[in-house]
Every structure is written in C-alpha cells, then in structure tokens.
6 protein chains.
Amino acid sequence: MSRIDGRTPEQLRPISIERGWSKHAEGSVLVSFGDTKVLCTASVTEGVPRWRKGSGEGWVTAEYAMLPRSTNTRGDRESVKGKIGGRTHEISRLIGRSLRAVVDYKALGENTVVLDCDVLQADGGTRTAAITGAYVALADAVAWAQRKKLVRAGRQPLTGTVAAVSVGIVSGVPLLDLCYEEDVRADTDMNVVCTGDGRFVEVQGTAEAAPFDRTELNALLDLAVSGCDRLATLQRDALEATE
Amino acid sequence: MSRIDGRTPEQLRPISIERGWSKHAEGSVLVSFGDTKVLCTASVTEGVPRWRKGSGEGWVTAEYAMLPRSTNTRGDRESVKGKIGGRTHEISRLIGRSLRAVVDYKALGENTVVLDCDVLQADGGTRTAAITGAYVALADAVAWAQRKKLVRAGRQPLTGTVAAVSVGIVSGVPLLDLCYEEDVRADTDMNVVCTGDGRFVEVQGTAEAAPFDRTELNALLDLAVSGCDRLATLQRDALEATE
Amino acid sequence: MSRIDGRTPEQLRPISIERGWSKHAEGSVLVSFGDTKVLCTASVTEGVPRWRKGSGEGWVTAEYAMLPRSTNTRGDRESVKGKIGGRTHEISRLIGRSLRAVVDYKALGENTVVLDCDVLQADGGTRTAAITGAYVALADAVAWAQRKKLVRAGRQPLTGTVAAVSVGIVSGVPLLDLCYEEDVRADTDMNVVCTGDGRFVEVQGTAEAAPFDRTELNALLDLAVSGCDRLATLQRDALEATE
Amino acid sequence: MSRIDGRTPEQLRPISIERGWSKHAEGSVLVSFGDTKVLCTASVTEGVPRWRKGSGEGWVTAEYAMLPRSTNTRGDRESVKGKIGGRTHEISRLIGRSLRAVVDYKALGENTVVLDCDVLQADGGTRTAAITGAYVALADAVAWAQRKKLVRAGRQPLTGTVAAVSVGIVSGVPLLDLCYEEDVRADTDMNVVCTGDGRFVEVQGTAEAAPFDRTELNALLDLAVSGCDRLATLQRDALEATE
Amino acid sequence: MSRIDGRTPEQLRPISIERGWSKHAEGSVLVSFGDTKVLCTASVTEGVPRWRKGSGEGWVTAEYAMLPRSTNTRGDRESVKGKIGGRTHEISRLIGRSLRAVVDYKALGENTVVLDCDVLQADGGTRTAAITGAYVALADAVAWAQRKKLVRAGRQPLTGTVAAVSVGIVSGVPLLDLCYEEDVRADTDMNVVCTGDGRFVEVQGTAEAAPFDRTELNALLDLAVSGCDRLATLQRDALEATE
Amino acid sequence: MSRIDGRTPEQLRPISIERGWSKHAEGSVLVSFGDTKVLCTASVTEGVPRWRKGSGEGWVTAEYAMLPRSTNTRGDRESVKGKIGGRTHEISRLIGRSLRAVVDYKALGENTVVLDCDVLQADGGTRTAAITGAYVALADAVAWAQRKKLVRAGRQPLTGTVAAVSVGIVSGVPLLDLCYEEDVRADTDMNVVCTGDGRFVEVQGTAEAAPFDRTELNALLDLAVSGCDRLATLQRDALEATE
C-alpha cells in the first residue's frame, strides 16, 4: 500500500539544497522537501546581545515565518496583526535551539549569527526543512566569518551537523517525512532533530488523535533516525560541492 | 548519591492537589510539586468559538502565565510589555493539547472550558504541575456542567485522565521531577505527558548541552512513565475525596 | 437592619494578613478582606530608573492585576489583549502613590521597590486590600534591605504606615468595607487611604447614581477614618508577629 | 500675599467658553482656564455599543488627549508609542463618568455621544477645564439631536449641569484653580466635580507631599464648591448666548 | 463656470498664517486654507538621534495627525487603535522630507527640530496646509535657536523657503487648492511642494479615476507652481510682520 | 560615460517575469529587475470587505514586505517589532492604488484579490518591480476567476495593463531604472506608474538633495514613459507564453 505521492513509508521526498541563493547574506540556502520550500539566510554581525557582552562567547538565534500565500489559503501577515502567533514563536525557538546544539560559543567568539527561515511554499514539514537548510546556511556563514578573521584561526565553531525530519502514524502505519495531506490525517506527529552522528537534539511527539504507546514511539524514532542520517549525507554533499 | 533535596532519582517531590481553591471558578485547584505552586482554574461557558459553531462539539483551551515575582528575580509583566513571549505561548499550547487528548468533544457538547494556569511560585516543572492540576480542575468543571445539565445526561466528556512530569539527565544520572536547581544543571530535559493508562500524549525532549542517545532516551521515558503513573493515583485520590 | 453578610454598617470584613507567603520575594503578603484575596509581593533591586540616577534617592512603584478567573465571570488577560485597561492603570497608579506617601526616598537610597498586587479572588475592595497588604510587604522588604545593608545604618525609609478602605452609601445607609454585592448597589462609592496617624493620603469619591451632598460625604469620611485606624492596628500586629 | 498671577486664593483664572468652534461636530467648545486651552467636541451617532443594544438607553463616553507640544517640553505621541498611558486613561474615564452623572439614558434613547477633549495648550487644570467645556459641547449636541428628532419630543436627556475645578494647598494656603506652577508646588491637590445645584459628582484628593487632615480637606471642599458654582453660571451664560 | 465656493480655477482659498499661537513651542503657527485649520508647532531640542551623534549635523522631522472630529464623521484615535495608519505615516514622511529640503544640517548643528502638525479642522488639503504652516513655524524655531546661541553666529540653517499646494482635475477642469468636496470628485489629484524660487521638492500625482496624460500633467504643474509662488509671498509677509 | 553596471542611461536592467511560481496562489510571479527579486502572489477570495458588501463591486488590495535579509544589512522583522513602518505602508498603498487603476470593480463582481509582494532580494526599484510583477499575477488570478465562473461570462475586470519604473538624476544625468548604488547617489528620485497605453497612474518625484526644475522633471518623465512602454511589452510576452 503506497503513499499519496507514491513513496514507500521509509522514503524521504525529493530533497534539494541550493546554496548561495542570495547575494547579500553570509550564508543562504533554498531548501526543498518536495513542494515545501524554505529560504534560509544566515546573517553574521560582530558583537553579541547585551546580556552576553564580555563573555567571549558568541550567539546563534533563529526566526521563522511563512509568506502569507505560502499556504493553500492565504494567512494574515503577523506584521499586520501586530503580533507573532504561538506557532511561529514555537518553531523559531525550536530552530534556534537545534542549531545551538552544534555550536561552540567560545570558538565562535563574540559574533552573532541570525538564521532567517522564510517559508516560500508550504507542503508539510516546514520546520524540519528549515532546520536542515539553516544548518547549511550556518556552515557557510561560519566559513565566511573564518575567512574574514572574525573567528580566530584554528577555531571550529561547529561541533557537528544537525538535520531534522518529521515522522507520523497515518492509518496505523509509521511514515517518514509527511507531506501536508498526510500530516493532516496523522494520529501521531513527531519532529526529530538529530546530529550527524545519530544522537538526538530534540524529540517532539504529539498525539493528534489517540495517545500512542511505547512500541509506536520506538517505530517512529527508528524511522526518524534513518531519515536524519540520509539528510546528513545530503547536507555534506551540498557543502562539498563548489557553491 | 542523593539529590539536592535528599530525594532518590526516581522520587517525586511532595505533591499536593487542593481542590475548590476559588469560590468563583467551576473547577479550581492549587497544585504543588514541592515549592512550585500553580493555581489552575477551569471556566465553563455555554457556546463555542465562532469557527466551531453548529458542529455540536465543544472546545477546551488553556492559558499559562507566571506572576512577576513567582521567580527568583522579578520578571516584567507580559501585559505591560504588550506582548506574550514565546515560552508562554509554547506552554499554553502544550497544556491545551494535553487536556484535549482526553476530551470527547461530542460528549461535551457546544460548551467551552478555559483552563487558566497561573504560577504563584516557581521552582522547576511549572508546566507539568500545571497540566497535572488542570486535569483535576477540568474534571471538577465537567462534573459541574453535568450537574447543571449543560452536558447531556449519560454523556462522559472525559475519556481518561492525564498527568505530566519532567525528567532529565543531571551529571549523567536520569532524574524524575527536576526542581529548578537540577533543571538548570541538566544536560537533557524532557517533559512527558501520559494518560492514566500509561500511553503518551506528548514527549518533548531537548538536549540542553550534549545530544542524547537512544539508551538515555529510554531511561528517561521509563522514569517519566512511572512518575505519571504515581501522579494519576494522586489525581484519583484527590477527586475521590470530598471537596 | 443588618448587611448582606450580617455585619453592622461600621464593621470590617474578617481581615487576614499572612506574611512570608512567597519564598522568592523580599516581602510577600497574602491579604484577605473577606473573600477578596490579593497576593502582594515586594521586590527590591539595587539602582533606580534612569531619570533618577545619581539623585541619591530611591523609588517605589506598584503594579496591580487580576487573575482572569478571580472574578465571577472570566475576564480576558491583558497580556493576550496586548494592552492594559484604564481601570488597571488607574489602580496601579493609586497603589504606587499611596505607598510613596510614607517613603523617605533619601533614606531609602538608590534602591527600587516594586510592589506587585495580584488579585487571586475578588469580592469588592481589591484596591484597598492591595494597598493595605502592600504596605506590610513593603515593610518586610525594607527590613530586608536594612539587614542586607542596602539601606544605610540608622536610616528609616518608612515615615509611617498606610492603609485603605472603601466606603459607600447603599440604600441610603453609609457602609464600611463594601463587598461586591454592596458595591454594585452603591449610590456613592469612596476609597480612602489614610496614614496610621489618621491623616488622608487619598480621597476618591464617585457618585455612581445620584450626586451626594456634604453631609453624606462627611459620614463616609468618618467611617473610612475609623476603618483605616482598625486596619493600621492589624498591620502593626502582623508585623510584630514572628513571621 | 497674592498668587503668582496676582489672583486671590479664591479666584478663578479668566474663563472663556467659545461655542461652535468646529464646523463638523454636533457640539464644539474651545474652553480656556487662563492659558489652559482645551478643544471639546461632541459627536452624536445613532445607535449604541453592542452591549447596550435593545436597551432603549443611550451612552455617553469621553476621550482626553494632549497635543505633543501642548506642554512646556514636548511629549511623545501615544499613537507613536502604540499605547495609551495611565494618566490619559484615568482622565478620559473621569470625564466620561462626570458627564454621565447628569445624563438620563432613557431620555437620550439609543444614541451615543462621544466627547473628545484635546488639550491644545496646558497650564494646569486640563481635566477640570475639559469637563467644564465638554458639558457645554454635550448640551449643544443634545440640542442638535432634539432638533434632528433623534431624541423624542418632550424628553430632556440632561438632568442638570456639571462643572469641575482644581483646588490645592500651596505653602499652607488653600487655593482655587491652580495654574501649572502652583500645581507643581502643591502639597495637596484635589479635583472636584459638582452639579449645578452644588452636589458632588467626584472628589479626588491626593497628598502630593505631606498627608492632609480633615480641616484642610474641608477648606478645599469649600473653595471647590464656590468655584464650581461660578463655573456653572458661566456655562449657563455661554449656552444662553446666541452661538 | 465657477467653483463650489465661487473661486476661479486658479484661485487659492483665503489663507491665514497666525504665528505665535502657542506659549510653549519655539515656533507655532495656526495655518488656515479656507476651512482647513492645522496647528503647526516646532520644538527645538539640543542633541540629535543616536544614529547622528557626533556628526556635527542637525535633524528635522515631522509628525502629522488629525483630531478625531476634525472631519465630517468622527475617526477613531490612532492612540486608541494602538497603531498609526498608512495615510498618517505617509503624510508625516512627506512633511519631514519637504522641510529637510531647505535645511542645511551643518549650519543647524547638533540640534533637532520636531514639527507637529495637528489638523484641528479638515476641509481638503491638510497636508499642503501643514507643510506651508510648518515652514513658518520652523523659521521661527530656527530664529529662536539663533537667539539662544544653539546655532552658531553667522550660520543660516535655512537655505530657502518651502510651500505646498494641491491641484486636481475635476470634471475635466484643472483646479488649484481643492476643498474637500472637489477633492472627492477629482479624477486626478496632485500635491506639489516647491521652494520659494520655484523649483520642485515633491511632485505626487495620482489618478483617482482615469489615468492622466502629459498635457493634463503639465496644466496641473503650471497651476501648482503659481499657487506655491503666491503662498511663498504670504509666508514672507507673515514672517516679516511683528509676531 | 556608462553606468555602474555598464548600461546606457535609457536602458532597463535585465527583466524576468516568471509566472506560476507558487502551486497554491491563483496567480504568482517571481519578477526580477536585475538583482531585485520580488515574489508576487495574487489570492482570490469570494466576497468583499464589510464596507463594500452588497455593492456588486469587487476589491483589489496589496501588501508589500521585505524579507529581513533581502537587503545588504539585516533589517528587523516588522512582525517582531509589532508594527509596520511608514515606508512599508506607503509602498503597499502605492501598489494597491496602481493596480486598482486598471480594475473594473463592477466586472470583477464581489470578489477580492490580495496581491502580496515579498521582496526576496533588494537592489533598488523594489516597488516598481512589485507593481510590474503584481500586474501579471493579477492577470493570471483574474483569468482563474473567469475559468471558475467567479467572474461572469463576458465580463473583463481588467481595463488595461500597468507597469512601473524608477528614474533619477545621478551626477546631473537622468537615468532609467536605478540600481541600489545609483539610487543612493541620486539627487532626484522618481517612481512612475503608467498604463500600457502610455498614460500616468502615479508620478512620485522627490528631491533627495537639491530641488529640481521643470526641465529635469520633463527629462525624467520622458525616460519613465519609454521604460514603462518596454515593460508593458515584456508583460504581454509573459502572459502570452504558455505558463
């Protein structure tokens, strides 16, 4: 029994990681997980927020947003509403935490990197695509900072790589990398963030309909780990290519 | 090797669940997990939000907030700042989802229950205390709605019970129900929400310092399940006592 | 003709002043005027707002708020609405002015005390309960600052005590310390703040229905002065008790 | 010993009440208390706010604001700051309550009158000038509504007149109608709103420096009553003049 | 074929420029273009915004607003709505740019002038009246700064004069200085800002109904230039009169 | 003397108009003017805003925004700041007015089209690129509405085409279609919006440094008209291509 788009349960959507998308940003990636497209830019500035000044340590943060018509029905702009919604806040925080898990603040020195992840087109899994793409943009930005001598010679601010994928149970079957239609129908939905060496940075599982048991949880974790492993390879390939 | 407050790794703090704390609310509970104290009130109103009208189904939602001096250092009021922070949004959403996991909207009918969880004193684990207390307030509010015939005779809007606890790895040791000092020092921090029959509603694990592996994850899940089981018993005891 | 709760016209509701309610705040009081319960915390910080720096003088300010279900019908949170209502502003300002009337800024030195008055349960007279309780929390906070040597030895930042009570005319009869049901039915409503030696700090009288004449005004002031005198005694008793 | 501007203690500043200032509003008055100038417009609309619909009763409300350079030092616009300050809220509410004290909602019928009081130039006593001027604008607006048959024939929506004045104790002397320089130096400051027949609508006394005793309070009330009486005469004269 | 108010197509409304309207501001003008009345105040402060500090150059900025009942129908206050509308933003920016076109920042030195343009009564052309009046207020404020030695002796911060007028095509006829009724019926509406020597600072033409061709554009520009020339004369006359 | 990027003064940058960029929107265009890239989506909904209901007429509006790192230096998000800046408001309004100039509301019927113009990369001329691209997105959306029978058979809601271009005087030379570096150095900057038949919809000229005279204005208008004419051809070509 195949999935809505013909994939097997353990198959990712077609992934593309396009570096150097923007001429201004120190790192920029247009990442696609199928029809989900997220523009991730990494902006480097010297200095850190006030509460961190003089610590000798850097800072990495992230902001996530969706263009109003990235979705099937147009959503109101948060700038027009005058406030940021809970979902946006939650995802921005998740992306920031995920990337910070592989940053050595001391090695980064008192520099700040802001990752902007703007969803140009949404089809499920926007937060996991954002994390996966933002890592590559961050790597490019860090390399830029090294070339510009903002980072001291011989220091490596990145302690590893990080990628993310969604998994879920749809009609009783655990599936990897849900598209929007699958996401809507999922009983359980989980986002997993892993380092390139297969350890967990974040595990966020939610029972959308019925609560899930330990067996289901284990099956989802297995799928997610294999998906993140594949994404780590794609990230490495992208970074090794000449930009 | 005992914990900062003398507990064993798998021991909860002293838990108290005080029902009927407020004379106005349809359900109200002052819940304590050690020095963490959260006032949970459940407010029932007839009718549902506009987008749900005519569906025959009810709605349950939650709002979490901290009093400015519930913490060691005074925090600015979100009402004064004019906006709600990401953490507040995130926790409010988590509490709402957790309770909705045991609600049968059809049986509830077109009624709305709002759970307000206000932290009077914080010492770690405020969100898990809030969920655990809010369930009891919700149960009282539902009983009130049944007595007032807002819920049709013979319908049971609650499909089970729900409780939550935090777990974490501190200095390499998995611990149950972290107090603030432990929470600050934890490498990994996880909040787990379970139903009374031991299934998962939410699993949110975050690597605060080093990423965690599958073995650690499993140890944390074991601890959390046993903690939630104990909390479920305490909830039942509280609800069986004469208010 | 007795009152709704059996009191005589010149009788206060049962008053309780519970010190040391919070483990974090430098001063904290749970004050009750009958069913009205307000948690008052006093937070001390070294330093003063920018406009007062270098003056050698301290600052005292207050913020008042109601929990959403402290009232009979749930009110929306001001943090969610994104702005503070006029009534909240008005009461916060009243509390701050009332306490500042007994503060010697020079003696306080460049320290700031913030009084947070959060209404946990409302049954009329929340602002007067808040002032009465906040004074006691302030006294504890000042004593703390003296012990911590933030205030110079031999200086007494408090020049007196302050308490407040509501009075009103209901069905032609002047009454002391209105509960909610009386407040709603009052033709005239007055809040009076007095120092412990019987002088006035604030007099705020409002004709809710018919305007009032000088005779009525005098009767209300007499009641209020006697009520504040009784509250001053209760404050003194509370502060003399071992916490 | 004369005052800063040569007045006796019981003397008002030169008062002017200029009706018909604006071509658009149903009632409009430029009121001056010395150098304090407030433009008061009354806007009539058919219908009432949602919560009052179907009651057969009208509504009267007020908004107060200061132009940024109405004061000696320019103040930031509240529209630019994105929120209304506590003082503005407080005064808007006071003006609204004061005018409502002489309105018969039933006679007004389901019409709304909004009083806008914008301070063009401030020199103390802006809120009392606003109330005094707004009453006249309201009277003109009500007459307009009667001519337009929005108010039923034979009904009189105004049950009396209302005026306001400030009083205060400066260097131990009770003074009527404080100008800014006096206001700044006052130990006690009181705003009193009276009906044309000499009864009280609002009494708001504040100890700016030292608390005040009953004798001082009485002296201030005497001054205020005589000041309001004089203002009531000036309001009557203005309304009797051909516009 | 004469206009609604009897003017010829190339005739301005009666213009009045009343200096020294406010006792507080360094420059203040009540400007009228027919029934359109705008109060323009110029506030001088030593120092410049942070981004300009140390440059040796001054700054000039403007804020425009309408009183709620300056218009035929009452508009909600932007302070109450909590945000500034697009039209207000647009006009404030236009006024600021227009005045800055005749300011020599170096000669002004590190001083800031804020122009507040508050519409007391609106009847079309409020932005052009505001610019024309604000220039005169600015000239008075600059003269004040010269007298106070904030501007160095021998420096002239103003490089010329600036005035503005609206033009439009109504029923096929190009008209100067539209009143509200004409503005509403105009096919094309243009605001033109000129220096006293007849050059352009701003040209903003908008096709309200049908697009306009080059011939119409030229006719409108001719009218506008002649109108601005006449306004420049009136500004000079006002500034030469003893205040 | 050639331009910074080798163009002649009357030459446009390379223009690309890529239709069908988004799978969700009824019309979507990625438009590039050199390195300036704007994503324009057109969203059609049945129905109109409240104030237009029952009129039988449609509505077209636009919102413009820049991604935070579309510019050389990262700008703060307006959603995070909680308010929309003046420049954003101004451009959104300009785009809306420009498109409405070629819309027949009656023919559109009670449908609403929202144009979202999000700048992905900025290099000068973002507002003119947005208008030019948005027109094509609008045309596609209108065709969609015709196919879906939202627009009645035989009605044509578009009365013409519209395009926009910037012109300016740099070092005394009038130039077409300024890139960012030219824009920064321009003495005069003008944005011109024309219909496909060469008439003007908007003319907005601003003296950035020295005021400009009639001769310069005429030279700029000539350049702009020829540029818009060329853009009209490119729009037509794009729309005639199979999507």
- Select from the range A:48-65 the residues that are in contact with a Ser or Thr (Cβ under 8 Å, 6 or more places away or on another chain), more than 14 Å from chain B (Cβ to nearest Cβ) and not hydrophobic (A, V, I, L, M, F, W, C) and write down the one among them that is nearest to F:Ser43 (Cα to Cα). A:Pro49
- Note on the structure: Within the range F:1-17, residues being assigned to a strand (DSSP E or B) and surrounded by fewer than 16 Cβ atoms within 10 Å (Cβ to Cβ) number 1
- Item | Residue check for A:Asp123: part of a loop (DSSP other than H, G, I, E, B) and in contact (Cβ under 8 Å) with a residue 60 or more places away in the chain | yes
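So which residues in the range E:135-188 are β-branched (Val, Ile, Thr), within 14 Å of E:Arg100 (Cα to Cα), buried (at least 24 other Cβ atoms within 10 Å of the Cβ) and touching a helix residue (DSSP H, G or I) at 6+ places or on another chain (Cβ under 7 Å), if there are any at all?
Residues of the range E:135-188 that are β-branched (Val, Ile, Thr), as a first pass: E:136, E:142, E:151, E:159, E:161-162, E:165, E:167, E:169-170, E:173, E:184, E:188.
Checking the rest, the ones that are also within 14 Å of E:Arg100 (Cα to Cα) come to E:136, E:142, E:159, E:161-162.
Going one step further and asking which of them are buried (at least 24 other Cβ atoms within 10 Å of the Cβ), we end up with E:136, E:142, E:162.
Across the range E:135-188, the qualifying residues are E:Val136, E:Val162.
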- C:Gly154: passes all of (1) closer than 30 Å to C:Gly58 by Cα; (2) part of a loop (DSSP other than H, G, I, E, B); (3) at pLDDT 95 or above but (3)
- Flagged in the range E:23-42 as buried (at least 22 other Cβ atoms within 10 Å of the Cβ) and either at positive phi or of a type outside the set (Val, Ile, Thr) (or both), in numbering order, are E:Ala25, E:Glu26, E:Gly27, E:Ser28, E:Phe33, E:Lys37, E:Leu39, E:Cys40, E:Ala42
- Message: Quick test for you: out of E:Arg152, E:Arg199, E:Arg214, pick the one residue that is in contact with a Phe, Trp or Tyr (Cβ under 7 Å, 6 or more places away or on another chain) and over 20 Å from E:Gly124 (Cα atoms).
- Response: E:Arg199
- Query: Within the range C:170-190, can one find any residue that is away from every other protein chain (no Cβ under 14 Å) and under 30 Å from B:Thr61 (Cβ atoms)?
  - Reply: yes
- Query: Which residue pairs have Cβ atoms closer than 9 Å, lie 6 or more positions apart in sequence or on different chains, and pair a first residue in the range F:172-184 that is in contact (Cβ under 8 Å) with a residue 60 or more places away in the chain and within 12 Å of F:Arg13 (Cα to Cα) with a second residue that is in a helix (DSSP H, G or I) and of a type in the set (S, T, N, Q)?
  - Reply: F:Leu176/F:Ser226; F:Asp177/F:Thr128
- Task: Would you point out the residue of the range A:86-122, among those that are under 17 Å from A:Thr159 (Cβ atoms), out of contact with any Gly (no Cβ under 9 Å at 6 or more places or on another chain) and of a type in the set (Gly, Ala, Ser), that is surrounded by the fewest Cβ atoms within 10 Å (Cβ to Cβ)?
- Result: A:Gly96
- Task: Restricting attention to the range E:88-106, report how many residues are basic (Lys, Arg), more than 8 Å from chain F (Cβ to nearest Cβ) and within 15 Å of the chain's Cα centre (by Cα).
- Result: 1
- Note on the structure: Selection from the range D:199-215 of residues more than 7 Å from chain C (Cβ to nearest Cβ) and either surrounded by 21 or more Cβ atoms within 10 Å (Cβ to Cβ) or modelled with pLDDT under 95 (or both) yields D:Glu208, D:Ala209, D:Ala210
- How many residues are out of contact with any His (no Cβ under 8 Å at 6 or more places or on another chain), of a type outside the set (Phe, Trp, Tyr) and over 23 Å from E:Lys81 (Cβ atoms) if we restrict to the range D:100-121? 11
- Counted residues in the range D:59-92 being in contact (Cβ under 8 Å) with a residue 12 or more places away in the chain and not in a loop (DSSP other than H, G, I, E, B) come to 12
- All but one of (1) within 11 Å of another protein chain (Cβ to nearest Cβ); (2) more than 12 Å from C:Val44 (Cβ to Cβ) hold for C:Ala137, so report the exception by its number. (2)
- For the range D:78-90, does any single residue satisfy the condition of being of a type in the set (Gly, Ala, Ser) and at positive phi? yes
- Query: Residue check: is C:Ala130 within 17 Å of D:Arg87 (Cα to Cα), in contact (Cβ under 8 Å) with a residue 60 or more places away in the chain, among the small types (Gly, Ala, Ser) and crowded, with 23+ Cβ neighbours inside 10 Å?
  - Reply: no
- Task: Would you mind stating whether E:Thr45 is more than 14 Å from chain F (Cβ to nearest Cβ) and surrounded by fewer than 18 Cβ atoms within 10 Å (Cβ to Cβ)?
- Result: yes
- Residue by residue through the range B:107-129, note down the ones that are within 14 Å of chain C (Cβ to nearest Cβ) and touching a Cys at 6+ places or on another chain (Cβ under 9 Å). B:Leu115, B:Asp116, B:Cys117, B:Asp118, B:Asp123, B:Gly124, B:Thr126
- In this structure, is A:Ala232 over 24 Å from A:Gly96 (Cα atoms), more than 9 Å from chain B (Cβ to nearest Cβ), at pLDDT 95 or above and surrounded by fewer than 22 Cβ atoms within 10 Å (Cβ to Cβ)? no
- Message: Restricting to the range D:66-80, name every residue that is facing chain E (nearest Cβ under 7 Å), in contact with an Asp or Glu (Cβ under 8 Å, 6 or more places away or on another chain) and surrounded by fewer than 24 Cβ atoms within 10 Å (Cβ to Cβ).
- Response: D:Pro68, D:Arg74, D:Arg77, D:Ser79, D:Val80
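The values are calculated or read from the model by the stated rules, or taken from the named source; none is laboratory data. Everything quoted here is computed from the prediction, not taken from an experiment. Neighbour counts run over all protein chains shown; Cβ positions are idealised from the backbone, glycine included.
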